[in-house]
Amino acid sequence: MCGIVGYVGPSAASTFLLDGLRRLEYRGYDSAGIATQLASGAISLTKAVGRIDNLAAKLQPATSSGQIGIGHTRWATHGKPTEVNAHPHLGGEGEVVVVHNGVIENYAALREHLEADGYRFVSSTDTESVAHLIAYCLKQAEPHAKRLNEKHRHGILVEAVSQAVRQLRGTYGLAILFRDYPGVIIAARQGSPLVVGVGSGEHFLASDASPLAGRTDKIVYLADHQLAIITADSLQVEHRETGHVQHAIQALEIENTDVNLSGFPHYMLKEIYEQPESLENAMRGRLSDEDATAVFGGLNLSAQDLRRINRVILTACGTSWHAALVGEYLLEELARLPVEVEYASELRYRNPPVENGTLLFAITQSGETADTLAALREMKRKGHPTLAICNVVGSTIAQEANGGVYLHAGPEVGVASTKAYTSQVVTLTMLSLYFGRLRHLSFEAGTRIIGQLRALPQLIRETLHCHDEVKRIAEKYAHASNFLYLGRQYNFPTALEGALKLKEISYIHAEGYPAAEMKHGPIALVDEHTPSVFIMPQGPVYDKVMSNLEEIKARGGPVIAIAARGDSEVARLADDVIYVPEVTEMLSPLVNIVPLQLLAYHIALHRGCDVDKPRNLAKSVTVE
């Protein structure tokens with residue numbers, strides 16, 4: 001959930017480390033630190049609680065001039081967010097310096113053994129056990145290391161780190177400096193991503209590719225059980241069990257402008273406004289007029305294999321779970337396939353009866369979500385085909401699934417997902433079209449859906465014209481302590497997602513419900529201080545939702561309605577109306593979520609909240 005950066009080369013390491021950590025702020029953190037190795041070999045360590053600016057203010061020019069270093073932003077799991085618990089951590093007598101993403105499940109047992117061997121712990125973290133364990137293994141491996149040449153000395157480090165990580169149970173992404181072995185970083189990965197950037201006379205390390213944009217266009221993704229030996233002039237990759245690995249250098253597709261604000265005050269607002277382009281990118285090359293279907297190149301299952309599928313499970317967490325709920329409606333309507341939507345955190349521990357012919361889709365923005373990855377692995381273990389819907393190329397879930405679809409939404413920096421959500425929904429729409437055409441959907445119906453999909457980006461651009469009206473409404477209701485979000489059918493998931501956006505960034509309690517379900521309990525919450533947000537496009541359940549709206553008004557509750565342009569009836573009853581373009585029911589979630597994203601954004605802004613980095617949250621949830 002936190003961020004790692006590393007640098008070795010001709011420049012001052014702290015420059016890249018600070019910039020890289022700032023680019024990783026979206027992942028969520030509560031403290032930060034960097035370690036650089038000076039020309040003398042000494043390690044300079046600086047830590048701070050809170051934002052990166054606090055860390056930058058503490059750096060001293062004399063101690064931040066080293067040309068090799070590692071940095072970290074921490075999201076507290078073991079121990080409170082304090083300077084002592086912040087990374088990097090020292091092992092032994094300071095001869096090892098470690099930053100770590102992930103969770104070590106057996107850290108307590110390791111700590112007990114290491115303390116018995118005389119190692120002194122100062123923090124409450126699981127990571128300090130890793131640092132001392134590496135120091136212990138290095139001490140066992142290095143009696144003759146001083147007399148070895150550089151290549152063989154690096155082999156000593158690889159052996160020590162390999163011996164240490166074999167004893168770890170859990171997940172880790174590690175970057176390690178060694179006081180007595182200057183000029184080298186060892187990186188190791190198990191379940192927590194690491195990317196090496198390849199430069200000219202310099203190398204970079206990060207927990208995802210965003211810090212590398214503008215620094216290099218060549219990257220190497222580390223796989224599980226791999227270690228990287230990184231110097232200014234060389235990169236070597238080893239498997240901890242089998243030895244040398246021929247690593248593949250890939251092109252970095254992120255542009256520097258993708259991770260900049262580009263004139264917007266916040267990343268969340270920028271990403272809301274990027275949705276027309278991100279939807280176009282998700283659909284590019286995937287709609288076939290000739291066959292009236294969608295086309296996917298990475299499913300790695302034949303059309304015949306897919307025709308034999310008789311049940312689909314969609315698994316995800318958070319916002320991706322809401323996208324999966326929309327996908328359930330789509331797949332059942334277009335493909336006539338029975339679908340179940342499962343929280344990944346529940347599916348990984350349940351043992352449900354899953355018959356042959358079941359296909360699992362794992363839906364994730366980051367491709368690193370720990371619960372989703374574990375659920376995918378459990379289904380693979382039981383022999384079921386697995387596909388991923390993912391935004392991050394080279395991520396763990398993208399690599400471990402049998403196949404899948406990339407969103408091509410570009411980097412999403414704001415913690416509250418916006419463009420990744422709509423890209424997931426449009427991708428699920430195309431997959432439902434594809435499955436439908438394989439099974440029963442007519443050519444005419446497929447052609448009609450393709451036309452509606454192609455019109456979507458322009459409809460989203462038109463929807464964004466509601467911005468000023470949403471801002472006015474947000475200021476009117478920003479004082480409220482509770483919100484209800486109500487929708488039916490395709491827009492029940494929209495209600496859930498709208499409520500989640502408000503909770504995430506404004507810290508207002510909000511709940512989403514099917515509109516008819518409001519009568520069965522939630523209506524007790526309705527009073528003049530509790531706004532209800534109704535999502536009510538024209539369609540088969542419009543009159544039903546209108547009746548639910550009248551029930552709220554009869555009890556004095558203020559109503560905000562999201563309605564199709566030209567709907568005068570809703571204006572007669574609702575206190576405030578946000579109009580959006582009229583669109584077919586199955587695509588209405590993509591249009592209706594946009595004003596709800598803007599509503600959450602402006603309410604949070606009015607309340608003085610940190611829109612892009614809400615408290616307690618992380619972008620990529622890589623721990624349980």
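The values are calculated or read from the model by the stated rules, or taken from the named source; none is laboratory data. Everything numeric here is computed off the predicted structure, so don't read it as measured data. All Cβ positions, glycine included, derive from the backbone under ideal geometry; neighbour counts span all protein chains shown.
The set of residues from the stretch 184-203 being touching a residue at least 24 places away in the same chain (Cβ under 8 Å) and either in a loop (DSSP other than H, G, I, E, B) or in contact with a helix residue (DSSP H, G or I) (Cβ under 6 Å, 6 or more places away or on another chain) (or both) comprises V184, I186, A188, S192, P193, L194, G197, G199, G201, E202.
Confirm whether I593 is touching an Asp or Glu at 6+ places or on another chain (Cβ under 7 Å), closer than 30 Å to S432 by Cβ and either assigned to a helix (DSSP H, G or I) or of a type in the set (D, E) (or both). So I593 passes the test.
Condition check ((1) of a type in the set (V, I, T); (2) at pLDDT 95 or above; (3) in the same structural domain as T319 (by TED's automatic domain parsing)) across all residues:
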| residue | (1), (2), (3) |
| --- | --- |
| T386 | yes, yes, yes |
| V413 | yes, no, yes |
| T418 | yes, yes, yes |
| T429 | yes, yes, yes |
| R437 | no, yes, yes |
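For the stretch 504-519, does any single residue satisfy the condition of being charged (D, E, K, R), over 21 Å from L596 (Cα atoms) and either at pLDDT below 95 or in contact with a Gly (Cβ under 9 Å, 6 or more places away or on another chain) (or both)? Yes, the stretch 504-519 has at least one match.
Of all the residues in the stretch 82-93, those that are surrounded by fewer than 24 Cβ atoms within 10 Å (Cβ to Cβ) and in a strand (DSSP E or B) number 1. Within the stretch 275-327, restricting attention to residues that are loosely packed, with under 14 Cβ neighbours inside 10 Å and aliphatic (A, V, I, L, M), the residue that is nearest to V405 (Cα to Cα) is V295.
Here A516 qualifies as small (G, A, S), surrounded by 14 or more Cβ atoms within 10 Å (Cβ to Cβ), out of contact with any Phe, Trp or Tyr (no Cβ under 9 Å at 6 or more places or on another chain) and assigned by TED's automatic domain parsing to the domain that holds T494.
When each of A141, A187, A116 is tested for being assigned by TED's automatic domain parsing to the domain that holds R22 and surrounded by fewer than 17 Cβ atoms within 10 Å (Cβ to Cβ), the lone residue that passes is A116. When residues in the stretch 119-128 are screened for being farther than 12 Å from N85 by Cα and surrounded by 13 or more Cβ atoms within 10 Å (Cβ to Cβ), 1 of them pass. Kindly evaluate N351 against the criterion of being closer than 21 Å to S432 by Cα and either among the small types (G, A, S) or not assigned by TED's automatic domain parsing to the domain that holds G170 (or both). For N351, the condition - closer than 21 Å to S432 by Cα and either among the small types (G, A, S) or not assigned by TED's automatic domain parsing to the domain that holds G170 (or both) - is not met. For the stretch 1-43, the set of residues classified as in contact with a strand residue (DSSP E or B) (Cβ under 6 Å, 6 or more places away or on another chain) and among the charged types (D, E, K, R) consists of R27 only. Quick one: what pairs do we get from the stretch 49-68, first residue assigned to a helix (DSSP H, G or I), second modelled with pLDDT of 80 or more and among the hydrophobic types (A, V, I, L, M, F, W, C), C-beta under 6 Å, 6+ apart or different chains? From the stretch 49-68, the pairs are I52/L21; I52/A32; N54/A48; L55/A32; L55/A48; A56/L18; K58/A48.
Just one of (1) in contact with a strand residue (DSSP E or B) (Cβ under 9 Å, 6 or more places away or on another chain); (2) within 20 Å of R179 (Cα to Cα) fails for I104. It is (2).
Could you tell me whether the stretch 301-312 includes any residue that is closer than 16 Å to N391 by Cα and not assigned by TED's automatic domain parsing to the domain that holds F492? No, the stretch 301-312 contains no residue that is closer than 16 Å to N391 by Cα and not assigned by TED's automatic domain parsing to the domain that holds F492.
Among the residues of the stretch 202-211, those identified as over 15 Å from L18 (Cβ atoms) and at pLDDT below 95 are S207, D208, A209.
Of the numbered criteria (1) within 24 Å of D289 (Cα to Cα); (2) among the small types (G, A, S); (3) at pLDDT 95 or above; (4) crowded, with 22+ Cβ neighbours inside 10 Å, the one G451 fails is (4). Could you list all residues from the stretch 390-411 that are closer than 24 Å to N260 by Cβ and at pLDDT 90 or above? C390, N391, Y406, L407, H408, A409, listed by residue number. On the given criteria, is H408 of a type outside the set (G, A, S) and either under 19 Å from the mean Cα position of the chain (by Cα) or not assigned by TED's automatic domain parsing to the domain that holds A524 (or both)? Criteria met by H408.
Every residue, every condition in (1) under 14 Å from L314 (Cα atoms); (2) surrounded by fewer than 24 Cβ atoms within 10 Å (Cβ to Cβ); (3) touching an Asp or Glu at 6+ places or on another chain (Cβ under 7 Å); (4) free of Cβ contacts under 8 Å to residues at least 60 places away in the same chain, yes or no:
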{"residue": "R381", "(1), (2), (3), (4)": "no, yes, no, yes"}
{"residue": "T386", "(1), (2), (3), (4)": "yes, yes, no, yes"}
{"residue": "N402", "(1), (2), (3), (4)": "no, yes, no, no"}
{"residue": "K419", "(1), (2), (3), (4)": "no, no, yes, no"}
{"residue": "L431", "(1), (2), (3), (4)": "yes, no, no, no"}
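Considered as a group, the residues in the stretch 250-274 that are aliphatic (A, V, I, L, M) and at pLDDT below 90 include one that is surrounded by the most Cβ atoms within 10 Å (Cβ to Cβ), and that residue is V259.
Selection of the stretch 209-220 for residues being in a strand (DSSP E or B) and not aliphatic (A, V, I, L, M) yields only K218. Within the set A374, A335, the sole residue that is in contact (Cβ under 8 Å) with a residue 24 or more places away in the chain and under 17 Å from the mean Cα position of the chain (by Cα) turns out to be A374.
Results for (1) within 17 Å of S532 (Cβ to Cβ); (2) without any contact (Cβ under 8 Å) to a residue 24 or more places away in the chain; (3) assigned by TED's automatic domain parsing to the domain that holds S481, shown as yes or no for each residue.
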position	(1), (2), (3)
S568	no, yes, yes
A574	yes, no, yes
I578	yes, no, yes
P581	no, no, yes
T584	no, no, yes
L590	no, no, yes
L596	yes, no, yes
L599	yes, no, yes
H606	no, no, yes
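If you go through the stretch 1-42 and pick out every residue that is of a type outside the set (F, W, Y) and not in a strand (DSSP E or B), you end up with 26. Within the stretch 201-212, if we keep just the residues that are over 18 Å from the mean Cα position of the chain (by Cα) and under 23 Å from R74 (Cβ atoms), the residue that is surrounded by the fewest Cβ atoms within 10 Å (Cβ to Cβ) turns out to be F204.
Here Y490, Y485, Y507 are screened, and the one residue that is in the same structural domain as D543 (by TED's automatic domain parsing), of a type outside the set (S, T, N, Q) and at positive phi is Y507. Search the stretch 54-81 for residues being of a type in the set (S, T, Y) and within 25 Å of the chain's Cα centre (by Cα), and hand back the single one that is surrounded by the fewest Cβ atoms within 10 Å (Cβ to Cβ). Checking each candidate, the answer is T77.
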